[in-house]
Amino acid sequence: MADLPPPASPPALVSAALTTTQVQVTSDFRGARIVLYGAVFDPLDRPSDVVVVVRGPDQAIRIARKVKTGPIWVNSRPVVFQGAPGFYMTASTRPLDRIARPAVLQSLGAGVDHLSFSVPGNGGIDTRFGSRDTVVSGQGADYGEWRQAVVRLKSRAGLYAAADHGVSFVDQNLFRAEIVLPTAAPIGAYSAEILLFQDGQPVSRRMRGLTVEKVGIERGLYVFAHQRPWLFGLVSVFIALGAGWLASVIFRRN
Amino acid sequence: MDLYLPIAEVSVNAPVLVLLGAAVGFISGMFGIGGGFLMTPVLIFMGIPPVVAVASEANHVAASSTSSVIAYTRRKAVDFRMGGILAAGGAVGSLIGVEVFRVLRGLGQADLVVSLSYLIFLGVIGGLMLTESLGSILRRRRGDPPAPRGDRRPPWLYGLPFKMRFPRSRLYISVIPPIALGVFVGILSAIMGVGGGFILVPAMVYLLRMPAGVVVGTSLFQIIITTSLTSVLQAGRNQTVDIVLATLLLIGGVMGAQLGARASSRFRAEELRALLALIVLIVGLRMGFGLFVTPDEPFVMMAGNG
């Protein structure tokens, strides 16, 4: 917020904390609800809005459109969006478009509509397996349609969300918001950005970190499968054959 | 009781999966097929990423097949030599199939090829089997003599070189057709997440003219080898085998297979075939159906990075 004009009156400040900073993915993981608490400190008690933006680790997104070819529907060549967050949600005291102008939200990357997928400058082509994935550039004609599709599909999976009244004041200056992580939430480091808006401008900001990680047997198996894939395969086949043999022995005795 | 799967990264209901495994295992033991063609679509429908469903299902098929093959071995209903030759072809086929699957994932066309394969292979085989078995059921009801079995085997079986004796199947034929069949089934095994029994069983009966008594056991024996290999390859190359998912399925699967193998002796062969044909046909049409209807959502997200 360096380019903000120096305030004439004492500045308003926002402060916040998460009830959990480490979400552990165990075998009974079914998503998580994390409560964020915060407070607004403003000696002048000017009208304030709070916006919480939570971002998960970036994940490349490959998306294809179904096109009719003859009698059947087939996938078009996939389009790749680089650097879109794997999880993204906003919570605010009011709908974002009533808190600030689009240009302000755009510069902050606040709101699903203003989410900037950091696409390569002039659009490139990514070649793999002899097929060419189109990397969409920000200027493409049907960019908007693809982008909407990404947001729509992600929202349906609970990975992108906007809670227009997700931040509520529980006491005069004390507010609360809830972050809902679905089971499909990606593993990795998340950031929660808490913005205080006054008069359509961001006046104070706090960042809080959050990690989602597999622990215990879930982590053990995942690491095993990726670090020793061949041994992992042999072990799983061994279990399968052993179980088959065991069942036939048990049933024979009966 | 919900369980989070470490590789599939979704949460599933564990008892439901065990019961599903048992139901499919029962069908597997009864008809001498792996049952993958039933289970893989169900897993995908339940929200397991298709690539994980295909790879983990190969593991489940290996388990149920082992369970029922042991039962068939006791009845001397397995032609190990024929099974071994088929499996040699199957090994080559799964190597090819796993690589083909990687390329298809890269092209974003894996779903299409999986759906098309189901539609074509299950549709054709289900249709043929249903016609044939309904024909023999009707003939028996009418009291007509069974259709001439056409014991004159196709001449090409004898014209080809590299002949080998298969005493248990009472055959003396070239090894080329069984190897080719094995390769073909191995490729399908990797792409469709199936053992390939639904193709092997009819092919052994109608193409290789093996005696009906050894067909089921031999098919299962070759399926064990092919799916075990597919499992290891999928884990090694694609890291898509979910051991927790596979274990849940196989707990039910191995028990269901035992019960199914026992139940099979209570039915007539052609009635079993008619029933199997019906199941095969329905699954094939269901999987292919989606290709023809206008999708509600014209866009699809590809799982992970592939």
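The values are calculated or read from the model by the stated rules, or taken from the named source; none is laboratory data. Nothing here was measured: the structure is a model prediction, and the numbers come from that model. Counting neighbours? That spans all protein chains shown, and the Cβs are built from the backbone with ideal geometry, glycine included. Quick note on the areas: whole protein, heavy atoms, side chains included, nothing else; ligands and nucleic acids left out. Shrake-Rupley method; radii C 1.70, N 1.55, O 1.52, S 1.80 Å.
Taking the Cα-to-Cβ direction at residue B:124 and at residue A:227 and moving 7 Å from each Cα, how far apart do the two end points lie in nm?
Modelled inter-label distance: 4.7 nm.
With only Lys, Arg, Asp and Glu charged, each at its Cβ (+1 for the first two, -1 for the last two), find how big the charge dipole of the protein assembly as shown is about the Cα centre; round to the nearest 20 debye.
3060 debye
Quick one, could you list the DSSP H helices from chain A stretching 18 Å or more along their long axis (Cα atoms) with average Kyte-Doolittle hydropathy of 0.5 or above?
Values: long enough: A:143-156 (20 Å, -0.99); A:229-253 (36 Å, 1.42).
Going by DSSP H runs, the hits are A:229-253.
Given the peptides B:135-141, A:12-18, B:223-229, B:103-109, arrange them by the average over their residues of other C-beta atoms within 10 Å, most packed first.
Output ranking for B:135-141, A:12-18, B:223-229, B:103-109: B:223-229, B:103-109, A:12-18, B:135-141.
Go through A:35, A:235, A:248 and say which Cα lies farthest out towards the positive end of the charge dipole of chain A; charges sit on Cβ, +1 for Lys and Arg, -1 for Asp and Glu.
Ranked along the dipole, the leading option is A:248.
How far is the Cα center of segment B:227-247 from the Cα center of segment A:199-240, in Å?
19 Å
Please name whichever of A:73, A:165, A:182 sits farthest to the positive end of the charge dipole of the protein assembly as shown, dipole taken about the Cα centre and charges placed at Cβ: Lys and Arg +1, Asp and Glu -1.
With unit charges placed on the Cβ atoms, the residue in question is A:73.
If one takes the accessible area of chain A alone plus chain B alone and subtracts that of the pair, with a 1.4 Å probe, what total in Å², rounded to the nearest 100, results?
In total, chains A and B hide about 5100 Å² from solvent.
For the protein assembly as shown, what is the percent of antiparallel DSSP beta bridges, rounded to the nearest 5? Could the numbers behind the result be given before it?
Working: 62 of 72 bridges.
Expressed as a percentage, antiparallel bridges in the protein assembly as shown total about 85.
Along the charge dipole of chain B, pointing to its positive end and built from +1/-1 on Cβ of Lys, Arg, Asp and Glu, which listed residue (B:33, B:52, B:114) has its Cα farthest out?
B:33
So which trypsin sites (Lys or Arg not before Pro) in segment B:206-272 end up in coil per DSSP with only 12 or fewer other C-beta atoms within 10 Å?
B:268
Post the alpha-carbon centroid distance, segment A:8-53 to segment B:92-147, in whole angstrom.
57 Å
Listed highest first by mean packing, meaning other Cβ atoms within 10 Å per residue, what order do B:52-59, B:26-33 come in?
By packing density, highest mean first, the sequence is B:52-59, B:26-33.
Stokes-Einstein at 37 °C, 0.692 mPa s, Kirkwood radius from Cα pairs: D for segment A:13-52 in µm² s⁻¹?
Diffusion coefficient, whole number: 258 µm²/s.
If only Cα atoms are counted, what is the Rg of the protein assembly as shown, and what is its Dmax, in Å?
Rg, Dmax (Cα atoms, Å): 28.8, 105.
Would you tally the net charge around residue B:138, using a Cβ to Cβ cut-off of less than 14 Å, leaving residue B:138 out, and scoring K and R as +1, D and E as -1?
+2
Across peptide A:57-70, what mean number of C-beta atoms from other chains lies inside 10 Å of a residue's C-beta?
Per residue, the average neighbour count from other chains is 4.
Taking each residue of A:74-81 in turn, how many C-beta atoms of other protein chains fall within 10 Å of its C-beta, and what is the average?
Shielding by partners across A:74-81 averages 5.
For every other residue with a beta carbon closer than 13 angstrom to the beta carbon of residue A:209, add +1 if it is Lys or Arg and -1 if Asp or Glu, then tell me the sum.
Net charge around residue A:209: +1.
Could you tell me whether segment A:3-112 comes out rounded, prolate or oblate from its Cα gyration tensor? Rule is a ≥ b ≥ c as square roots of the eigenvalues, rounded for a/c under 1.5, then prolate if a/b exceeds b/c, otherwise oblate.
Oblate.
Classify chain A from the C-alpha gyration tensor, please: rounded if a/c falls under 1.5, else prolate or oblate depending on whether a/b exceeds b/c.
oblate
Run a plain Debye calculation on segment A:137-254 (Cα atoms as equal point scatterers, no solvent) and give log10 I(q)/I(0) at q = 0.09, 0.20 Å⁻¹, rounded to two decimals, same order as the q list.
-0.56, -1.22
Mind checking the angle between helix B:50-74 and chain B's longest principal axis? C-alpha axes, 0 to 90 degrees, to the nearest 10.
30 degrees
What does the charge count around residue B:221 come to, taking other residues whose C-beta lies under 14 Å from its C-beta (Lys +1, Arg +1, Asp -1, Glu -1)? Working shown, then result.
Values: positive: B:74, B:75, B:76, B:81, B:168; negative: B:79.
Neighbour charge sum, excluding residue B:221 itself: +4.
Suppose every Lys and Arg Cβ carries +1 and every Asp and Glu Cβ carries -1, with no other charges. What dipole size does chain A come out with about its Cα centre, to the nearest 20 debye?
About 1240 debye.
Grab every C-alpha pair in segment A:143-203, bin the distances at 5 angstrom width from 0 up to the longest one, and report whole percents.
Binned Cα distances yield the sequence 4, 12, 16, 22, 17, 17, 10, 3, 1.
I need the calculated FRET efficiency for the pair residue B:139 and residue B:1, taking r as the beta carbon distance and R₀ as 51 Å, to the nearest 0.05.
My answer for the efficiency is 0.55.
Determine the shielding of peptide A:199-210 by partner chains: average, over its residues, the number of Cβ atoms on other chains within 10 angstrom of each Cβ.
Rounded to a whole number, the mean comes out at 0.
Answer rounded, prolate or oblate for segment B:51-110, using the Cα gyration tensor with square roots of eigenvalues a ≥ b ≥ c: rounded when a/c is under 1.5, else prolate when a/b is larger than b/c, else oblate.
Oblate shape, in that a/c is at least 1.5 and b/c is the bigger or equal ratio.
Taking only DSSP H segments of four or more residues, each worth -39500 (n - 2.57), what value at 222 nm results for the protein assembly as shown once the sum is divided by all its residues, to the nearest 500 deg cm²/dmol?
Values: 17 runs with 265 residues, N = 560.
Value at 222 nm, helices only: -15500 deg cm²/dmol.
Among all the lysines, which ones have a C-alpha under 25 Å from residue A:68's C-alpha, if same-chain residues fewer than 8 places away are not counted?
A:154
Show log10 I(q)/I(0) for segment B:1-72 at q = 0.15 Å⁻¹, two decimals, from a solvent-free Debye sum over equal Cα scatterers.
-0.48
Enter the mean projected area of the convex hull around the alpha-carbon atoms of chain B, in nm², rounded to one decimal.
Mean projected area for chain B: 16.4 nm², to one decimal.
Relative to the present Cα-Cα distance, how much length would full extension add between residue A:67 and residue A:168 at 0.36 nm per residue of separation?
Fully extending the segment from residue A:67 to residue A:168 adds 31.9 nm.
Mind jotting down the distance between the C-alpha centroids of segment A:59-105 and segment B:164-210, whole Å?
Measuring centre to centre over Cα atoms gives 47 Å.
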